[in-house]
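The values are calculated or read from the model by the stated rules, or taken from the named source; none is laboratory data. These figures come from a predicted structure and were not determined experimentally. With ideal geometry, Cβ positions are generated from the backbone for all residues, glycine too; neighbour counts draw on all protein chains shown.
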Amino acid sequence: MNAPSRARVAAITGGAGGIGEACVARLRTEGWKVAVLDRNMDLARKVAEKHDATAFEIDIGDAASIEAAAAAVEHRMGRVSGLAAVAAHLENPHAPEDQDFGEWDDIVRVNLTGTFRTMVAFGKGMIEQGAGAIVTVGSITAFNSSPLQGYGPTKAAILNMSRNFAVAWGRKGVRVNCVCPGPTRTPAVEASYARGERDPETMTRQTALGRLVQPAQVASAIAYLLSDDAAAITGIELPVDAGVLATQLWGMYGGVPSPD
Ligand SMILES: NC(=O)c1ccc[n+]([C@@H]2O[C@H](COP(=O)([O-])OP(=O)(O)OC[C@H]3O[C@@H](n4cnc5c(N)ncnc54)[C@H](O)[C@@H]3O)[C@@H](O)[C@H]2O)c1
């Protein structure tokens, strides 16, 4: 059984980012004490101040930093019973032959190794208390082909490792699930639209709902999976994608129907 919600501490890596901040806001309204963990401390402090949370520095690309952050959160806030592993190294579309292998190494170190280490570092305390919930953040690129050559495979690996942890830790009282956002209008993605690297109109056409995802909509799925309402749910992947995955074959038949 999970600890009573009034005593709960949630840790959110990437808590200073678009989806991360939405998680901070949502979990605070649900009464969690929230640790905002990010390598961007200026932003993390602002987010923490805005939502009455506590900021901690972490670089999930660095094993020692993860261990130090997990210890600091426990020391200052108490045992963590909810983890949202949101931090990731994002990537722009390109051809495989144009892959920058310096960036490849960063993506693998942060998204794959870093997410794994984060789950272990924060999960250890959950195992000791026999209760906890972890939500990793994948992506719809994990399910299908995309031009995100390094990022997509690391997100597919996050799905796989989340299922592995779910089974390894299920009988120790820890649930592990993965939320897979589709195109979400975070400040980073909006900036990418502004630079012309992505086109919101093209992305919207690929959705069933005819609109892109809002960060708060991803946060509500994460908050649900962290909550006792999801007490029987572990080892799942939950797309929050406005129906992008569902539209896959419609392009062959003229695309998604317009409302009229
Ligand atoms: N926005 C989307 O459309 C979208 C779609 C699918 C999946 N996602 C996933 O959602 C999550 C959040 O994305 P976002 O759009 O909010 O991005 P974002 O860039 O706004 O947030 C990412 C945060 O992670 C932090 N971060 C990056 N590397 C870090 C590291 N090594 N250590 C600690 N913190 C680090 C950044 O400082 C930033 O605050 C990511 O896992 C991303 O892959 C986003």
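State which residue is nearest to M126 (Cα to Cα) when the search covers only the range 23-65 and only residues that are near the ligand (Cβ under 8 Å from one of its atoms) and surrounded by fewer than 24 Cβ atoms within 10 Å (Cβ to Cβ).
S65
What residue, among those in the range 74-106 that are out of contact with any Phe, Trp or Tyr (no Cβ under 6 Å at 6 or more places or on another chain) and among the aliphatic types (A, V, I, L, M), is farthest from A10 (Cα to Cα)?
Among them, the one singled out is A95.
Provide a single number: the residues in the range 111-139 that are crowded, with 24+ Cβ neighbours inside 10 Å, among the small types (G, A, S) and away from the ligand (no atom under 13 Å from the Cβ).
2
Report, by residue number, each residue of the range 246-260 that is surrounded by fewer than 16 Cβ atoms within 10 Å (Cβ to Cβ) and not aromatic (F, W, Y).
If the condition is that a residue be surrounded by fewer than 16 Cβ atoms within 10 Å (Cβ to Cβ) and not aromatic (F, W, Y), then A246, Q248, L249, G251, M252, G254, G255, P257, S258, P259, D260 are the ones that fit.
With of a type in the set (A, V, I, L, M), closer than 17 Å to V135 by Cα and assigned to a strand (DSSP E or B) as the only criterion, which of A55, A87, A22, A35 stands out?
A35
Would you please list the contacts, defined by Cβ atoms under 7 Å and residues six or more apart or on different chains, that run from a residue in the range 85-106 that is free of Cβ contacts under 8 Å to residues at least 40 places away in the same chain to a residue that is surrounded by 15 or more Cβ atoms within 10 Å (Cβ to Cβ)?
Between residues of the range 85-106 that are free of Cβ contacts under 8 Å to residues at least 40 places away in the same chain and residues that are surrounded by 15 or more Cβ atoms within 10 Å (Cβ to Cβ), there is no close pair.
Yes or no: V73 away from the ligand (no atom under 11 Å from the Cβ), in a helix (DSSP H, G or I) and under 21 Å from R175 (Cβ atoms)?
Answer is yes for this residue.
Quick check: anything in the range 194-206 near the ligand (Cβ under 10 Å from one of its atoms), modelled with pLDDT under 95 and exposed (fewer than 13 other Cβ atoms within 10 Å of the Cβ)?
no
Would you confirm, using the coordinates I've provided, whether F122 is in a helix (DSSP H, G or I) and in contact with a Leu (Cβ under 7 Å, 6 or more places away or on another chain)?
Yes: the conditions hold for F122.
Taking into account only those residues within the range 164-193 that are more than 10 Å from the ligand (Cβ to nearest atom) and either touching a Pro at 6+ places or on another chain (Cβ under 8 Å) or of a type in the set (S, T, N, Q) (or both), which is nearest to N92 (Cα to Cα)?
Out of the qualifying residues, it is Y193.
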